[in-house]
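As structure tokens, the structure follows; a few thoughts come after it.
Nothing in this text is a laboratory measurement; each read-out follows from the coordinates by a stated rule. What you are looking at is a predicted structure, and each value in this text was computed from that prediction instead of being measured. No Cβ is skipped: glycine too gets one built from the backbone with ideal geometry, and neighbour counts run over all protein chains shown.
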Amino acid sequence: MHQVGVNGMAEEKQDPVKLHKEGNTLYEMGKYAEAVEKFLVAAELYRKLNNYFDSAYSYYKAGECAFMLKDYSKAVEHFLSSADLSFSKGFDRFGLSALEYVRDCYRALNEQDKLGEIEKRIKEVKAKLEASLF
């Protein structure tokens, strides 16, 4: 019996590296809606394999796709998934980059309250990173 994942595909037959590459190709072709689906499936598969960096990166790429489509709410969701996973695994610089995209999305959505919160979080992460240098 096959386990069904996102988009109804059987997960046993899915290769996260292949999906990630397909997502990159679609992204480069400007096919962002198709690419986001590949990245999201890859992110989940990588996570199940305990490959947290590539999972975080795939969420990040899904966020970039949504951002390019001007679907800022979805972009926030994907970038926050990337940031949360990144911070939980010690990939703070990568998480910071995702938070900066979240900030850009909140600006585009004109969500001032959330913008203030995310700017505070970005400032805290930057301070932590600077402190770790010394």
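Taking the Cα centre of the chain as origin, sum charge times position over the Cβ atoms of Lys and Arg (+1) and Asp and Glu (-1), and report the length of that vector in debye to the nearest 20. Write out the running numbers ahead of the final one.
Numbers: 20 positive and 22 negative charges, 43 e Å.
About 200 debye.
Counting helices only, and only those DSSP H runs with n ≥ 4, report the 222 nm mean residue ellipticity of the chain as the sum of -39,500 (n - 2.57) divided by its residues, in deg cm²/dmol to the nearest 500.
That calculation yields -26000 deg cm²/dmol at 222 nm.
Just want the ordering: K48, K13, from fewest to most Cβ atoms lying within 10 Å of their own Cβ.
Ranking K48, K13 by Cβ neighbours within 10 Å, fewest first, gives K13, K48.
For K114, which aspartates and glutamates qualify as cross-link partners when the Cα separation must be under 20 Å and same-chain residues fewer than eight apart are set aside?
E64, D71, E77, D84, E100, D104, E124
With unit charges on the beta carbon (Lys/Arg positive, Asp/Glu negative), name the residue among L49, P16, G116 whose Cα is farthest towards the positive pole of the charge dipole of the chain.
Value computed over the given set: G116.
With the cut-off at 26 Å, tell me which of the pairs K18/K61; K18/K120; K89/K123 have Cα atoms farther apart than that.
Result: K18/K120 exceed 26 Å.
May I ask for log10 I(q)/I(0) of the chain at q = 0.10 Å⁻¹, from a Debye sum over the Cα atoms as equal point scatterers with solvent left out?
Evaluating at q = 0.10 Å⁻¹ gives log10 I(q)/I(0) of -0.34.
Can you tell me which of 37-46, 124-133 comes out highest on packing, and rank the rest after it, using the mean Cβ neighbours within 10 Å?
37-46, 124-133
With θ taken as phi - 60° and the coefficients 6.51, -1.76 and 1.60, list the Karplus ³J(HN,Hα) couplings across region 34-49 in order, rounded to whole Hz; mark glycine and proline as x.
6, 5, 4, 5, 4, 5, 5, 5, 4, 4, 5, 5, 4, 4, 5, 8
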